[in-house]
Amino acid sequence: MAYQRVFGIVLDSVGTGAADDANRYGDLGADTLGHVGEDYAGNLHLPNLARLGLSNLRDVPIQGVPVVKSALGCYGKMAEISAGKDSMDGHWEMMGLPVKQVLDTFPHGFPEALIQQIETFSGRPVIVNQPYSGTQVIHDYGEEQLATGALIVYTSGDSVLQIAAHEAVISVEELYRICEYVRGLVNGPEYLIGRVIARPYLGSDRDHFTRTANRRDFSLVPPEVTDLDRLQLAGYQVIGIGKINDIFSGTGINQAFHNESNQDGMQHLLDVMDTDFNGFCFMNLVDFDAMYGHRRDPQGFGQALMEFDQALGQVMERLRSDDLLMITADHGNDPGFKGTDHTRENVPLLVYSPSMQTPNQSLGTRTTFADFGATILDNFRITPGEGESFYQTIKND
């Protein structure tokens, strides 16, 4: 019998070692989970993730996270085939739509013609216009933005255009309106950018500026149907928690919840678990990436993992016999690595249900993230567009 409710949790940026093609991205040697464990020197306590097989799926166990003799679930890794290593690439591929076209990146800043269009529409000058760490850019330029009302425009190694503004100077609504306009400028063919990101912040000076939870991602609209659409068209409920709704531009989603934090996201998940529905609940927890990965903060990253692990215990206790839990990530962002960009890594894959018939099985290294969505569709007897299902290994009958 099929699982009635499937819960997918994406631990944003929690990679598990360099992918085979990491050298193409300058990421050879990256290992988010491994380096966080090393920084904690054996004091990284993740008992629930360990029980599910988090160290079992690795060639080298995570320090402090033991390999278990009999994992509660099935475990493995997934390799990415999309052309990039951004959140949009990872999530779209999970849902059966690998991003095979290389999107535009701007290592030297955006073209002047594009900047002029942003200035003309907004009536505000643009400052910075170069790759930058999101927290460092408001530290270095936030006081100028606060004084002048300019837009801080910056990018990273990914296909993103980010606009930061102090909420007391430019309202969140105005910033969203500007980002929506910019989204319309970069849908191709001249510029094709994956995400335009609004980055509001607050604070009185450079030493006290902090980004707020009013971040919003304006992503490309998926050019083809995704597994979310396939589920919805087949009559199943699709619930998005966190930035899922933004990443898919609202397509294929019946109900969406915005997260203020990882803790808020986990509470949303627990609330959804208290409801009766038949379908898929897809959640992204972004704090690992936004607050610790990009800031190269392994201690904060590890603390966030331990807090998640504690909340995961509550989720596991509430799972019904006909529920399926799938935990993975969308890319890496190794806080022990160089730079401040995402890292091209394989991602963990942990799958559990109280009624799973054959737990403690290795799912191997999946050749595409699309196997994640293909398995969900297979559970609901829907033909997948991409990927190979591993449902027969994790089924409950």
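The values are calculated or read from the model by the stated rules, or taken from the named source; none is laboratory data. What you see is a predicted model; the values in this text were computed from it and never measured. So basically every Cβ, Gly included, is an ideal-geometry build from the backbone, and we count neighbours across all protein chains shown. Accessible surface areas use protein heavy atoms only, side chains included; no ligands, DNA or RNA. Shrake-Rupley method; radii C 1.70, N 1.55, O 1.52, S 1.80 Å.
A few comments on the model shown:
- From the list L52, L46, L57, the one residue that fits, being buried (at least 19 other Cβ atoms within 10 Å of the Cβ), more than 22 Å from A374 (Cβ to Cβ), modelled with pLDDT of 95 or more and out of contact with any Ser or Thr (no Cβ under 6 Å at 6 or more places or on another chain), is L46.
- The residues on offer are D158, D205, and the sole one that is closer than 22 Å to D89 by Cα and touching a residue at least 60 places away in the same chain (Cβ under 8 Å) is D158.
- Any pair with Cβ under 8 angstrom, 6 or more apart, that starts in segment 373-397 at a residue that is in the same structural domain as M95 (by the TED database) and at pLDDT 95 or above and ends at one that is among the acidic types (D, E) and not in a helix (DSSP H, G or I): G373/E386; A374/E386; A374/E388
- Identity of the residue in segment 38-78, basic (K, R) and in contact (Cβ under 8 Å) with a residue 12 or more places away in the chain, that ends up farthest from L349 (Cα to Cα): R51
- Residue in segment 129-143 that is surrounded by fewer than 22 Cβ atoms within 10 Å (Cβ to Cβ), in contact with a Leu (Cβ under 7 Å, 6 or more places away or on another chain) and either in the same structural domain as E386 (by the TED database) or under 27 Å from E180 (Cβ atoms) (or both) present: no
- Residue within segment 77-91 that is surrounded by fewer than 20 Cβ atoms within 10 Å (Cβ to Cβ), among the charged types (D, E, K, R) and touching a helix residue (DSSP H, G or I) at 6+ places or on another chain (Cβ under 8 Å) present: no
- Residue tally, condition out of contact with any strand residue (DSSP E or B) (no Cβ under 8 Å at 6 or more places or on another chain) and either open to solvent by 40 Å² or more (accessible area, probe 1.4 Å) or within 25 Å of K243 (Cβ to Cβ) (or both), over segment 1-20: 2
- Meets criteria (open to solvent by less than 20 Å² (accessible area, probe 1.4 Å) and either of a type in the set (S, T, N, Q) or free of Cβ contacts under 8 Å to residues at least 12 places away in the same chain (or both)) for T343: yes
- Count of segment 184-226 residues which are open to solvent by 30 Å² or more (accessible area, probe 1.4 Å) and of a type in the set (V, I, T): 4
- Residues of segment 144-183 classified as open to solvent by 10 Å² or more (accessible area, probe 1.4 Å), polar (S, T, N, Q) and over 30 Å from V102 (Cα atoms), total: 2
- Checking each residue in segment 1-54 for being among the β-branched types (V, I, T) and over 25 Å from D378 (Cα atoms) picks out V14, T16, T32, V36.
- Condition check for L285: touching a residue at least 12 places away in the same chain (Cβ under 8 Å) and over 24 Å from S159 (Cβ atoms): no
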